[in-house]
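Taking it in order: structure first as structure tokens, then the write-up.
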Amino acid sequence: MAAVVLATRNKGKIAELSQMLEGFELEVLGLDAFPEIGEIEETGTTFEENARIKAQAVAQATGLVAVADDSGLEVDAIGGAPGVYSARYSGEGATDARNNAKLLGALDGVPAERRTARFRCVMLACAPGGEELVADGAWEGHIAEAPRGDNGFGYDPLFVDLESGRHSAELTREEKNARSHRGKALRRLLADWPAFWTRVGR
């Protein structure tokens with residue numbers, strides 16, 4: 001069975017992406033399978049740049065097709081922040097709890113109608129020879145005044161899905177995959193996957 005490497009150690013992302021890749025007869029590996037690969041510094045200023053940095057580095061290190069995503073939360077009332085800095089929004093040693101607390105602080109006093117936001121994701125597959133496949137997706141919603149729900153990770157407890165009115169952390173994994181930025185990006189990536197896989201000679 002052919003293998004692809006997801007350029008992440010985030011178990012939440014690996015679980016989500018592995019489930020969505022079922023049916024493609026691919027062995028899905030995470031970076032935990034390659035302990036020799038150290039931290040890959042995300043120096044890009046856009047989601048696409050960061051996804052490319054990670055995918056290229058992992059494809060070169062493993063000799064396998066690598067799939068990387070960079071995603072984050074854009075909140076309109078604070079100029080699109082935290083954006084590409086979503087994972088490290090609260091600074092060195094950032095945690096989900098600290099990031100969420102900082103976001104709530106930044107939105108203190110902002111009325112509900114101005115708390116519009118979206119999760120955005122760029123997903124990029126890179127072969128060792130440099131061939132690329134790129135897709136993106138967005139998930140519209142708004143930021144609640146208090147967290148709710150026990151599913152998901154990151155900003156999921158604060159993000160309210162525009163369509164259902166439920167917090168992302170209240171959705172099942174299947175419901176989230178159907179709506180989420182990552183799910184949309186991956187479905188777009190997979191739509192073009194057969195042609196890409198043929199091109200890279202797998």
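Only residues that are in contact with an Asp or Glu (Cβ under 7 Å, 6 or more places away or on another chain) and closer than 18 Å to Glu49 by Cα were counted across segment 126-149, and they come to 3.
Scanning segment 83-116 for residues being surrounded by 15 or more Cβ atoms within 10 Å (Cβ to Cβ) and either on the phi > 0 side of the Ramachandran plot or not in a helix (DSSP H, G or I) (or both) gives a total of 8.
Within segment 117-142, restricting attention to residues that are of a type in the set (A, V, I, L, M) and farther than 21 Å from Gly12 by Cα, which residue is surrounded by the fewest Cβ atoms within 10 Å (Cβ to Cβ)? Of everything passing the filter in segment 117-142, Val134 is surrounded by the fewest Cβ atoms within 10 Å (Cβ to Cβ).
So how many residues does segment 40-51 have that are among the charged types (D, E, K, R) and either modelled with pLDDT under 95 or more than 20 Å from Pro82 (Cα to Cα) (or both)? First the steps, then the outcome.
Just the residues of segment 40-51 that are among the charged types (D, E, K, R), to begin with: 41-42, 48-49.
Retained after the next criterion (residues that are either modelled with pLDDT under 95 or more than 20 Å from Pro82 (Cα to Cα) (or both)): 41-42.
The qualifying residues number 2.
How do the pairs read when you match residues in segment 5-23 that are free of Cβ contacts under 8 Å to residues at least 40 places away in the same chain with residues anywhere that are aliphatic (A, V, I, L, M), using Cβ under 8 Å and keeping only pairs 6 or more apart or on different chains? That search, which allows pairs on different chains as well, returns Arg9/Leu31; Ile14/Leu6; Ile14/Val28; Ser18/Leu6; Ser18/Val28.
Just one of the listed residues (Ile40, Ile53) is crowded, with 17+ Cβ neighbours inside 10 Å and either touching a residue at least 60 places away in the same chain (Cβ under 8 Å) or part of a helix (DSSP H, G or I) (or both), and it is Ile53. For segment 150-202, which residues satisfy the criterion of being of a type in the set (Gly, Ala, Ser), assigned to a loop (DSSP other than H, G, I, E, B) and surrounded by 17 or more Cβ atoms within 10 Å (Cβ to Cβ)? Answer for segment 150-202, where residues must be of a type in the set (Gly, Ala, Ser), assigned to a loop (DSSP other than H, G, I, E, B) and surrounded by 17 or more Cβ atoms within 10 Å (Cβ to Cβ): Gly152, Gly154, Ser180. Find all pairs meeting these conditions: Cβ atoms under 9 angstrom apart; at least six residues apart or on different chains; first residue within segment 61-86 and closer than 12 Å to Arg118 by Cβ; second residue in a helix (DSSP H, G or I) and of a type in the set (Lys, Arg). So the pair list comes out as Ser71/Lys13; Ser71/Arg182; Asp76/Arg114. I'd like the full set of residues that are surrounded by fewer than 18 Cβ atoms within 10 Å (Cβ to Cβ) and of a type in the set (Gly, Ala, Ser), limited to segment 1-36. Selection gives Ala2, Ala3, Gly12, Ala15, Ser18, Gly23, Ala33.
The values are calculated or read from the model by the stated rules, or taken from the named source; none is laboratory data. Since we're looking at a predicted model, the values are computed, not measured. Cβ atoms come from the backbone with ideal geometry, glycine included; neighbour counts cover every protein chain shown.
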